[in-house]
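The values are calculated or read from the model by the stated rules, or taken from the named source; none is laboratory data. These figures come from a predicted structure and were not determined experimentally. Virtual Cβ from ideal backbone geometry, glycine too; neighbours counted across all protein chains shown.
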C-alpha cells in the first residue's frame, strides 16, 4: 500500500512539472550565474571588510529578516544594521557549503539565491572563535540584493561564547 501511495505522489509531482521553452534556458542560466556571483561577492566583501562593495551590491531598499544578537529574535534590518553586526567581530570567514539559484514566477518573476554556509568568527573581546551554520535566501532584482531571509542558531553562538541557561529553581 505504501508503494502505491509513493508511486502516486511521484506521478503527480512529475505531471506538475512544466518544461521551460528552449530560448529561455540560456537567459536563465546567465541570470543564475550573475546572481550567484553577486551573492559570493557579498560574502567576500564581509570577509575583506569591504563596506563600500557591500553597500554597492545591496539595493537602497534592502531588508533582512532573521535572528539578531542584541534585539528580538525576528527583526527587519537595513544595510547599516548588517554593517554594525559584522563590525562587532574581529574577523569573519565563510565556507559556502552549497549555493543555488531559483527563479519563481507568480504574478511577477523573482530571482532568489539560496546559500548554506559555515561562518567562522573571532572576537578579541571574548577571546574566542565561534562557528555558526547559516542559511540565507536572498532576493535579487536588477543586479542588486533587495531582500534577505537568514537563519542561524542564535543559542549555539551564545553557548560557544560561554553563555549558560539558568532555569532557576524548580521548587
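Within the range 30-51, is there a residue that is surrounded by 14 or more Cβ atoms within 10 Å (Cβ to Cβ), part of a strand (DSSP E or B) and either at pLDDT 70 or above or in contact with a helix residue (DSSP H, G or I) (Cβ under 6 Å, 6 or more places away or on another chain) (or both)? No, the range 30-51 contains no residue that is surrounded by 14 or more Cβ atoms within 10 Å (Cβ to Cβ), part of a strand (DSSP E or B) and either at pLDDT 70 or above or in contact with a helix residue (DSSP H, G or I) (Cβ under 6 Å, 6 or more places away or on another chain) (or both). Looking across the range 143-154, just one residue is exposed (fewer than 14 other Cβ atoms within 10 Å of the Cβ) and over 22 Å from residue 90 (Cα atoms), and that is 143. Here residue 158 clears all of (1) assigned to a strand (DSSP E or B); (2) farther than 17 Å from residue 39 by Cβ except the condition numbered (1).
Determine whether residue 77 is within 15 Å of residue 136 (Cβ to Cβ) and modelled with pLDDT under 85. Considered against the rule, which asks whether it is within 15 Å of residue 136 (Cβ to Cβ) and modelled with pLDDT under 85, residue 77 comes out as yes. When you scan the range 120-142, do you find a residue that is loosely packed, with under 12 Cβ neighbours inside 10 Å and under 17 Å from residue 57 (Cβ atoms), even just one? Yes, some residue in the range 120-142 is loosely packed, with under 12 Cβ neighbours inside 10 Å and under 17 Å from residue 57 (Cβ atoms).
Contact map, the range 41-56: first residue without any contact (Cβ under 8 Å) to a residue 40 or more places away in the chain and on the phi > 0 side of the Ramachandran plot, second residue surrounded by 13 or more Cβ atoms within 10 Å (Cβ to Cβ) and in a helix (DSSP H, G or I), Cβ cut-off under 8 Å, separation 6 or more or different chains; pairs are 49/86. Which residue, of 148, 129, 61, is in a strand (DSSP E or B) and either under 17 Å from residue 37 (Cα atoms) or at pLDDT below 80 (or both)? Going through 148, 129, 61 in turn, the sole match is 148.
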